[in-house]
Structure formats: structure tokens, C-alpha cells
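The values are calculated or read from the model by the stated rules, or taken from the named source; none is laboratory data. For clarity, every value in this text was computed on a predicted model and none was experimentally measured. A quick note on method: Cβ atoms are made from the backbone with ideal geometry, for glycine too, and the neighbour counts reach across all protein chains shown. We work out accessible area using only protein heavy atoms, side chains counted, and drop any ligands, DNA or RNA first. Shrake-Rupley method; radii C 1.70, N 1.55, O 1.52, S 1.80 Å.
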Amino acid sequence: MCKTLGHELVHGAQHEAGKGRLFTLQDSFFPHLRRSQNLHWSFLMEGHAIWADRQITTRILGYEVPLGPNEKHADPKYLEALYQIKGREKSLQVYGDGARAVADIVQTHGLESFNRLWSDPDLLLIPTFHQAENPAEWCARFSTADTGSRS
């Protein structure tokens, strides 16, 4: 419950931090006109929410609640329902990769620097589909953008 609540509240914080812009862009009927057609929204948003729910559960419960079927405290009915969703295993892998990439960026650049991406009007810091498959490339692009913003 703590993990789920923390995770979902992070999505609300993402929405608020970006004034709803990212949520509007990902649902755009004209992504090619908004330069958003190649951006991997769920890698970013779910990866960030998973990273955050791990921070929350560690602080509140004293341990990180893992993602997926290895969660020893999860109700078996919950896990069964979770894995009946078609393609869920692949999504969980992508989200886990996103969480690791977010952790790398936050550790390297700090949370304040990472959080700039929610309101970036040029979408410079949002990972592409290619970068979601190669998270080190997203981290490198983030480093370049972060360095450029300080000059």
C-alpha cells in the first residue's frame, strides 16, 4: 500500500511540476508538430515514480519494496492480477531500467537538476525510445544539457 500510494502520488507531482504540459504532449494528436513523437514518456514517468516509491518505502518502512514478483510482502492475488496484464513483464523491465537511469542522474546531478525536466519547454531532457533501450545515452545527454545550463 505504501509503495502504490507513493508511486501514484509522484505522478500527481509530475503533473503539477510541469503544469500538466508533459501529460498533454504525450496524448497529443499531433506529436510530429510538437516534436514529441520519439519521446519515451513511460520510461521517464514510470521510471521516476518507481525511483521515488523506493525512496519513500525505504524512508517509511526501512527497506526498499522491490518491483515485480519477488516482493515477499505482496498479496499473491495482487501479483497474479499484475502479471495477467498482457505484456506486463516487458513494461516492468522498461520501468525498472527507467528507475535505474533516474537514480544515476539524480546521484550524478542532484534531484533539483533532474526535476528541471518537468518544466523544460524544449523537451531537451526527456529520453527518446532509443535512449530508453540505451539508458547511458540518456544520462550522457542529460549531462550535456545540465552542463550547458550552468554556463
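Does SER28 satisfy being modelled with pLDDT under 90, touching a Ser or Thr at 6+ places or on another chain (Cβ under 7 Å) and surrounded by fewer than 14 Cβ atoms within 10 Å (Cβ to Cβ)? Yes. Considering (1) in a helix (DSSP H, G or I); (2) basic (Lys, Arg); (3) at pLDDT below 85, the lone condition that ARG54 does not fulfil carries the number (3).
Looking at region 96-117, is at least one residue over 23 Å from ALA13 (Cα atoms), outside any loop (DSSP other than H, G, I, E, B) and open to solvent by 80 Å² or more (accessible area, probe 1.4 Å)? Can you show your working first?
Step one: of region 96-117, the residues over 23 Å from ALA13 (Cα atoms) are none.
Taking every residue of region 96-117 in turn, none turns out to be over 23 Å from ALA13 (Cα atoms), outside any loop (DSSP other than H, G, I, E, B) and open to solvent by 80 Å² or more (accessible area, probe 1.4 Å).
Check region 120-129 and report whether any residue there is at pLDDT 70 or above, assigned to a helix (DSSP H, G or I), among the acidic types (Asp, Glu) and exposed (fewer than 11 other Cβ atoms within 10 Å of the Cβ). Checked against the condition, which is being at pLDDT 70 or above, assigned to a helix (DSSP H, G or I), among the acidic types (Asp, Glu) and exposed (fewer than 11 other Cβ atoms within 10 Å of the Cβ), region 120-129 yields no hits at all.
If the condition is being at pLDDT below 90 and either hydrophobic (A, V, I, L, M, F, W, C) or under 22 Å from GLY96 (Cβ atoms) (or both), then region 8-25 contributes LEU22, PHE23, LEU25.
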